[in-house]
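To keep things clear, I will list the structure first and then write my remarks on it.
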Amino acid sequence: MTSLVSAAEILARRILVIDDEEPNVLLLASVLEREGYRDIHCVTDPKKALDAYVSLAPDIVLLDLMMPEVDGFQLLEAFKRHDRPDEFRPVLVLTADATLQARRRALAVGAKDFVVKPFDVIEVALRISNLLETRILYERLRA
């Protein structure tokens, strides 16, 4: 069976990583680079995250929930306000908060997937690829 979306199309997409912990950002960036992604942008200051989201228009966001001043939930709500209603821009939450309440709240305010830290890097890479494939197919349907 042939795929509707090529690996090259997926790998060409823009990724925004938002996490206040530098080691987490470096880990994710290195995983993404190993997978073949090249358009990777990282933000460690949550106060600058919304501006980065608006200016970069990423195809996917990898988002931590527990950050100082502006948390991931506030960012999810802000992202939703900036997107068109007919847009599919997936957010994958990567957080140490394993509570059912955090999962439900994040998914309710716009996250498309949720992974608890520490995570399996291969699983996260597969989830990113799947979400990007869905975004590409969604864009094709809209066009």
Looking at this structure, is residue 116 among the β-branched types (Val, Ile, Thr), over 22 Å from residue 30 (Cα atoms), surrounded by fewer than 18 Cβ atoms within 10 Å (Cβ to Cβ) and touching a helix residue (DSSP H, G or I) at 6+ places or on another chain (Cβ under 9 Å)?
no
Within region 1-56, which residues are assigned to a loop (DSSP other than H, G, I, E, B), of a type outside the set (Ser, Thr, Tyr) and open to solvent by 50 Å² or more (accessible area, probe 1.4 Å)?
1, 4, 12, 14, 21, 38
Looking at (1) of a type in the set (D, E, K, R); (2) closer than 24 Å to residue 118 by Cα; (3) surrounded by fewer than 21 Cβ atoms within 10 Å (Cβ to Cβ), can you tell me which one residue 64 breaks?
(3)
I'd like to know if region 62-78 contains one or more residues that are closer than 19 Å to residue 127 by Cα and assigned to a strand (DSSP E or B).
yes
For region 83-98, state whether one or more residues are surrounded by 15 or more Cβ atoms within 10 Å (Cβ to Cβ) and farther than 15 Å from residue 60 by Cα.
yes
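The values are calculated or read from the model by the stated rules, or taken from the named source; none is laboratory data. All values derive from a computational prediction rather than experimental measurement. Ideal geometry is used to build each Cβ from the backbone, glycine not excepted, and the neighbour counts take in all protein chains shown. Just the protein is used for accessible areas: all its heavy atoms, side chains included, with ligands, DNA and RNA removed. Shrake-Rupley method; radii C 1.70, N 1.55, O 1.52, S 1.80 Å.
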